[in-house]
Every structure is written in C-alpha cells, then in structure tokens.
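Notes follow once the structure below has been shown.
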Amino acid sequence: MFWTDWSADRPCIGRSLLDGSDVKRIVENKDVAQNVRWPNGITIDFNGNRLYWVDAFLDRMTTADFNGGQLKVFLDNDVSQ
C-alpha cells in the first residue's frame, strides 16, 4: 500500500504491507533537496514497478521505484497550465 502525507514538518510518500505493518517513508525531503511537499496525486505503474505523483506546492511531476530510489522529476514547471 502506498500513500501521501502532507504534514507540514515531514511530508512524504509512504508504503506498508496491507496489514499496516512494515511502514516505511520511501520519499521524503533530505538535507536541502525538496523531493516532496504537497504530494496530492499518486498512481502506481505495476508493469514498470514505479510510482508517479504530482506535487501542488512544487508544481512538478516525479517518479520513483517502489523503494523510493531512481527518483526522477520529469515535469518541472507550472503543472496546472
């Protein structure tokens, strides 16, 4: 299971097993890197084993593997236009 967390102090993309165990924060802000702020849309590509999300604060679309690795911003401008 994957979810987004908009908390002001530690926004993230999280994952766990369906029973709620093994909770992990797989994408979060590290040091000065703004990887996620208001992740308000998320989708799963099961064939490609990737997550895709949009961030309303950062105005960009990002993808990562299911462990939060191979992070790639593929649209980094005003997503709303």
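Here is a list of conditions, (1) loosely packed, with under 15 Cβ neighbours inside 10 Å; (2) under 11 Å from the mean Cα position of the chain (by Cα), and V23 meets all of them except one; can you say which number that is?
(2)
Quick one: what pairs do we get from segment 14-29, first residue over 24 Å from V73 (Cα atoms), second at pLDDT 95 or above and surrounded by 13 or more Cβ atoms within 10 Å (Cβ to Cβ), C-beta under 7 Å, 6+ apart or different chains?
Cβ pairs passing all conditions: D22/S16; V23/G14; V23/S16.
Go through segment 29-40 and give me each residue that's out of contact with any Pro (no Cβ under 9 Å at 6 or more places or on another chain) and within 12 Å of T4 (Cα to Cα).
N40
Every residue, every condition in (1) assigned to a loop (DSSP other than H, G, I, E, B); (2) under 16 Å from F2 (Cβ atoms); (3) in contact with a His (Cβ under 8 Å, 6 or more places away or on another chain), yes or no:
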residue	(1), (2), (3)
G14	no, yes, no
D22	yes, yes, no
V27	no, yes, no
I42	no, yes, no
Y52	no, yes, no
L58	yes, no, no
F74	no, no, no
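Hey, can you tell me all the residues within segment 1-10 that are within 9 Å of the chain's Cα centre (by Cα) and either assigned to a loop (DSSP other than H, G, I, E, B) or of a type in the set (V, I, T) (or both)?
T4
The values are calculated or read from the model by the stated rules, or taken from the named source; none is laboratory data. On a predicted model such as this, the values are computed, not experimentally measured, just so you know. Cβ: placed from backbone, ideal geometry, glycine included. Neighbour counts: every protein chain shown.
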